[in-house]
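Structure first, commentary second.
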Amino acid sequence: MNTAAVHAPPAAARLGLRENLSQFSLLVLVNAFVGAMVGMERSILPAIAEQEFHLAARTAVLGFIVVFGLSKAATNYAAGRAADRIGRKPVLIAGWLAAAPVPFLLMWAPSWNWILFANGLLGVSQGLTWSTTVIMKIDLVGDRRRGLAMGLNESAGYLAVAGAALATGWIAGRTGLRPEPFYPGVAFVVLGLALSGLLVRETTPHVALESGRRRSPASPVEGGVFWRTTIGDRNLSSVSQAGLVNNLNDGMAWGLFPLVFAGAGMSLAQIGTLAAIYPAVWGLVQLATGALSDRIGRKWLIAAGMWVQAAGIGLTIAAAGFRGFALGAALLGIGTAMVYPTLLAAIGDVADPSWRASAVGVYRLWRDFGYAAGALVAGVAADSLGLSGAMGIVAGITALSGTITACRMQETRQPSPI
């Protein structure tokens, strides 16, 4: 795992957010375009499944999330390995190339299978691009403000998810479900690829610098990183299970919330607004929670965040109108904001720089496998128990995950003023 890329000469490298502000800010912008790509689907793809392709079974409707989750999960792992072996920037560019056909497929797909293929490509693209922007920001900032860095990264991505969901819902309400709502996706790909290819710089020299400062022992072999992150290390494995369950409930929200809102009589524009509230709150609150985890530690933000998510899902089940749905979505967003950047910061606390990208890849494999698991659990449960029953099961799983974190995880960062 200690490759030539990781051992690049660190002569010009400096660690720190302020020291790397221009490149860090550029990566935040790139990640906003990454988030916007997946945000295009958040409010209208379930409606396309039902209205254009006449899919009735919830399991079939949510198939696009299963494909997305499986392809993204596998690609996350590959991206982490590739980033350690060949460097970060080539992986980032490859992710944007994979995204290029996606808007056109969503605009003109003649069958649902083409939509599934588009979501497979989107998952590959997201796994390569989002994983790499995360890794590069961790590389740049060093260990002092890792939580803040992850809060900024995830905030940019999920505010863009919210903005794109709101925009596509608004466009669909005026022009129809296809093709116009997906036109912005072409611009997202062009801008993201141009910025990544022309302006983003490789960050492996920063890895070499931090590794030298730590004077760490030899990296574990490939299977050792996978085992350690999945089961062997109590902190890394606690983070991995919490990430999986977090995206399990996000996959449920992505697939079922628009159907719940439509069943309650909400218009396409209202559904777009509600679909945007959850990632918008998530994105904004992360600006505070990422930095907060640097001050007070990671463990209890993660555990409490899972419990808050469960409460948000419960409130959505109990709601009957726009205001109640909005409150439930906002609470779910707050809980997710407590968890998301904190999980990534905890990975950075525990993993050595020489195998950190691989550990992030393993964590993100399990986390984004949660999309597929959530879609399958929610789809099967909704077909047998109804939408409320499915959401109740997911809320219970989420609360249990918070309890597992509280009981098993140790604090990975000692509280300290920043």
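Key figures for this structure:
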quantity: Residue list for the stretch 274-286, filter: under 15 Å from Ala36 (Cα atoms) and surrounded by 24 or more Cβ atoms within 10 Å (Cβ to Cβ); calculated: Ala275, Ala276, Tyr278, Pro279, Trp282, Gly283
quantity: Residue match in the stretch 407-418 (condition: touching a Ser or Thr at 6+ places or on another chain (Cβ under 8 Å), assigned to a helix (DSSP H, G or I) and either farther than 22 Å from Met150 by Cβ or among the hydroxyl-bearing types (Ser, Thr, Tyr) (or both)); calculated: no
quantity: Pairs, first under 14 Å from Met40 (Cβ atoms) and of a type outside the set (Phe, Trp, Tyr) in the stretch 139-163, second surrounded by fewer than 24 Cβ atoms within 10 Å (Cβ to Cβ) and at pLDDT 80 or above, C-beta under 6 Å, six or more apart; calculated: Ala162/Ala280
quantity: Sole residue being of a type outside the set (Ser, Thr, Tyr), farther than 23 Å from Arg234 by Cβ and more than 18 Å from the chain's Cα centre (by Cα), chosen from Gly283, Gly333, Gly314, Gly297; calculated: Gly314
quantity: Hits in the stretch 223-244 - residues which are of a type in the set (A, V, I, L, M), buried (at least 19 other Cβ atoms within 10 Å of the Cβ), modelled with pLDDT of 90 or more and over 14 Å from Arg298 (Cβ atoms); calculated: Leu244
quantity: Residue count for the stretch 21-55, restricted to those that are among the aromatic types (Phe, Trp, Tyr) and more than 18 Å from the chain's Cα centre (by Cα); calculated: 2
quantity: Number of positions in the stretch 137-160 that are of a type in the set (Lys, Arg) and either surrounded by fewer than 24 Cβ atoms within 10 Å (Cβ to Cβ) or not in a helix (DSSP H, G or I) (or both); calculated: 2
quantity: Residue satisfying condition, being closer than 15 Å to Met409 by Cβ and of a type in the set (Lys, Arg), within set Arg356, Arg298, Arg323; calculated: Arg298
quantity: Yes/no for Ala109 being over 27 Å from Asn20 (Cβ atoms) and of a type in the set (Gly, Ala, Ser); calculated: yes
quantity: Matching option when the condition is surrounded by fewer than 23 Cβ atoms within 10 Å (Cβ to Cβ), of a type outside the set (Phe, Trp, Tyr) and either closer than 25 Å to Val28 by Cβ or in contact (Cβ under 8 Å) with a residue 40 or more places away in the chain (or both), among Ile313, Ile296; calculated: Ile296
quantity: Residue match in the stretch 351-372 (condition: without any contact (Cβ under 8 Å) to a residue 24 or more places away in the chain, among the small types (Gly, Ala, Ser) and assigned to a helix (DSSP H, G or I)); calculated: no
quantity: Boolean, Ala326 is modelled with pLDDT of 85 or more, surrounded by fewer than 24 Cβ atoms within 10 Å (Cβ to Cβ), more than 18 Å from the chain's Cα centre (by Cα) and in a helix (DSSP H, G or I); calculated: yes
quantity: Residue that is surrounded by the fewest Cβ atoms within 10 Å (Cβ to Cβ), among those in the stretch 1-48 that are at pLDDT 90 or above and touching a Lys or Arg at 6+ places or on another chain (Cβ under 7 Å); calculated: Gln23
quantity: Long-range neighbours under 8 Å by Cβ, at least six apart or interchain, first residue farther than 14 Å from Ala99 by Cα within the stretch 189-209, second polar (S, T, N, Q) and assigned to a loop (DSSP other than H, G, I, E, B); calculated: His206/Asn20
quantity: Matching entry among Ser267, Ser293, Ser238 (being farther than 26 Å from Ala375 by Cβ and of a type in the set (Ser, Thr, Tyr)); calculated: Ser293
quantity: Whichever residue in the stretch 161-206 is part of a loop (DSSP other than H, G, I, E, B) and basic (Lys, Arg) and, among such residues, is nearest to Gly87 (Cα to Cα); calculated: Arg201
quantity: Identity of the residue in the stretch 77-125, outside any helix (DSSP H, G or I) and touching a residue at least 60 places away in the same chain (Cβ under 8 Å), that ends up surrounded by the most Cβ atoms within 10 Å (Cβ to Cβ); calculated: Arg88
quantity: Where a residue in the stretch 56-76 is over 16 Å from Leu256 (Cα atoms) and its partner, wherever it lies, is in a helix (DSSP H, G or I) and among the basic types (Lys, Arg), with Cβ under 6 Å and at least six apart; calculated: Asn76/Arg364
quantity: Any hit, the stretch 243-256, residues being touching a Phe, Trp or Tyr at 6+ places or on another chain (Cβ under 6 Å), aliphatic (A, V, I, L, M) and assigned to a helix (DSSP H, G or I); calculated: yes
quantity: Residue that is closer than 24 Å to Met409 by Cβ and modelled with pLDDT of 90 or more, where the choices are Ile334, Ile317; calculated: Ile334
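Residue-by-condition table, conditions (1) over 13 Å from Val189 (Cβ atoms); (2) of a type in the set (S, T, N, Q):
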| position | (1), (2) |
| --- | --- |
| Pro101 | no, no |
| Phe104 | no, no |
| Thr132 | yes, yes |
| Leu148 | yes, no |
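The values are calculated or read from the model by the stated rules, or taken from the named source; none is laboratory data. In this text, all values refer to a predicted model and were calculated from it rather than measured experimentally. Note that we place each Cβ from the backbone using ideal geometry, even for glycine, and neighbour counts take in every protein chain shown.
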